[in-house]
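Enquirer: Supplied in structure tokens, the structure appears directly below.
Values in this text are rule-based calculations from the coordinates and carry no lab data. These numbers were taken from a predicted model, which means no experiment stands behind them. Counting neighbours? That spans all protein chains shown, and the Cβs are built from the backbone with ideal geometry, glycine included.
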Amino acid sequence: EKTGFIFDLDGVIVDTAKYHYLAWKKLANELGFDFTEEQNESFKGVSRRRCLEILLEIGGIEASQEQFDRWLVEKNEDYLAYIAEMDESEILADVPKVLNYLRQLDVPMALGSASKNAVPILEKVKLLPYFKAVVDGTRVTKAKPDPEVFLIAADEIGVAPSSCVVFEDALAGIEAANIAGMTSVGIGSPEILEAADHNFWDFTAISTEFLDNLIRQ
Ligand code: B16
Ligand code: MG
């Protein structure tokens, strides 16, 4: 059985979390309260709608449906202004090395992200051609930890879930991979990602031997 690799986007391939943070912070400040980087941790891997719900809970603000939707648009416009300036320099360390290694071995790769902006971001950093399938927030109905996003990705690259490896920086994403019966690799703090089958601080710590072992399994 051949192995497939599925990558989360934000926090795994690029550090767009900092732009999400700036856009949410601006909205919070406009609404009269602060939003810390620590609070932003709980926004990772979470849908835009759910993030706004949490933000308004933090600020103790009630909104009409109309207001809510307007703030969603405003936050995304601010976020897109940051994305417009992105280039290859924002790809996280050693990600191209790993992608090139897997591509040269003809290993199918997919993106599995909660973001509705995944395709423009991949185009900006010129990584879109590496992925045989892109499953993003425009295509899923159930958010991580529901395994839907990764199961669709596995199906589209033609690999059985049990033969897929998922790279994730959010606990909800690790849980989704585990529920899907995939091998989960946490990228980031081992404390946050303790449910992962393997854990690395970043891709610089991932060796080709480690990848070879995953492929052989
Ligand atoms: P958008 P991932 C997630 O991306 C982010 O981690 C999360 O903070 C964000 O709210 C979500 O995408 C939705 O993003 O507003 O661009 O649709 O980590 O699943 O790649
Ligand atoms: Mg992520």
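Enquirer: How would the stretch 104-190 be classified by its alpha-carbon gyration tensor: rounded, prolate or oblate, with rounded meaning a/c under 1.5 and the a/b versus b/c comparison settling the rest? Show your work: numbers first, answer last.
Expert: Working: a/c = 1.36, a/b = 1.18, b/c = 1.16.
Rounded, since a/c falls under 1.5.
Enquirer: Between Asp87 and Ile152, 0.36 nm times their residue separation minus their Cα-Cα distance comes to what? The partial results should precede the final answer.
Expert: Values: separation 65, 0.36 × 65 = 23.40 nm, distance 2.82 nm.
Length gained between Asp87 and Ile152: 20.6 nm.
Enquirer: With an 8 Å Cα cut-off and a minimum separation of 6 or more residues, compute the relative contact order for the stretch 103-190 in percent. Can you show the working numbers first?
Expert: Working: 134 pairs, mean separation 21.6, N = 88.
Reported as a whole number, the value is 24 percent.
Enquirer: Right, here's the next one. Could you please rank Ile91, Ile121, placing first whichever residue has the fewest other Cβ atoms within 10 Å of its Cβ? Intermediate results must be reported in sequence, preceding the final value.
Expert: Working: Ile91 18, Ile121 24.
Ascending Cβ contact count within 10 Å gives the list Ile91, Ile121.
Enquirer: Next up: May I ask you to derive the FRET efficiency for Trp201 and Gln104 from their Cβ-Cβ distance with R0 = 41 Å, giving the value to the nearest 0.05? Working shown, then result.
Expert: Numbers: r = 25 Å, r/R0 = 0.60.
The computed FRET efficiency comes out at 0.95.
Enquirer: Tell me which residues come under 5 Å, amide H to amide H, from Gly11 once H is placed; ignore anything under 5 positions away on its chain.
Expert: Thr16, Ala17
Enquirer: Still on this structure, please answer the following. Arrange the following residues from fewest to most other Cβ atoms within 10 Å of their Cβ: Met109, Met86. Mind dumping the intermediate values first?
Expert: Numbers: Met109 20, Met86 17.
So the ranking, lowest neighbour count to highest, is Met86, Met109.
Enquirer: I need the Kirkwood Rh of the stretch 1-58: take the reciprocal of the average 1/r across all distinct C-alpha pairs and report it in angstrom.
Expert: 12.6 Å
Enquirer: Okay, next question. What list of ³J(HN,Hα) couplings, whole Hz, do you get for the stretch 22-28 from phi and the Karplus terms 6.51, -1.76, 1.60, once you set θ to phi - 60° and write x for glycine and proline?
Expert: With the stated coefficients, the stretch 22-28 comes to 4, 5, 5, 4, 4, 5, 4 Hz.
Enquirer: Tell me which lysines have Cα within less than 26 Å of Lys44's Cα, excluding those fewer than 8 residues away on the same chain?
Expert: The reachable lysines, counting only those whose Cα sits under 26 Å from Lys44, are Lys18, Lys25, Lys26, Lys75, Lys97, Lys116, Lys124, Lys126, Lys132, Lys142, Lys144.
Enquirer: Which order, highest average first, do 174-180, 19-25 follow once you tally other Cβ atoms within 10 Å for each residue and take the mean per peptide? Don't skip to the end; give the middle numbers.
Expert: Numbers: 174-180: 23.4, 19-25: 20.4.
Result, highest mean first: 174-180, 19-25.
Enquirer: In whole Hz, what ³J(HN,Hα) sequence does the stretch 61-67 give by Karplus (6.51, -1.76, 1.60; θ = phi - 60°), x for Gly and Pro?
Expert: 10, 9, 10, 6, 4, 5, 4
Enquirer: Taking the simple approach of a point 7 Å from Cα along Cα-to-Cβ for both Val73 and Glu1, what is their distance in nm?
Expert: About 4.7 nm, to one decimal.
Enquirer: Roughly how many whole Å is it from the C-alpha centroid of the stretch 4-25 to that of the stretch 67-97?
Expert: Here the answer is 8 Å between Cα centres.
Enquirer: Against the longest alpha carbon principal axis of the chain, how many degrees, from 0 to 90 and to the nearest 10, is the axis of helix 95-104 turned?
Expert: Roughly 40 degrees, rounded to the nearest 10.
Enquirer: A follow-up question, please. Once you have the alpha carbon radius of gyration of the chain, what is it after dividing by 2.2 N^0.38 Å, with N set to its residue count?
Expert: Against the compact-globule rule of thumb, the ratio is 1.02.
Enquirer: Further question on the same structure: Can you put Trp71, Trp201 in order of Cβ neighbours within 10 angstrom, beginning with the fewest? Can you show the working numbers first?
Expert: Values: Trp71 18, Trp201 12.
Going from sparsest to densest Cβ surroundings: Trp201, Trp71.
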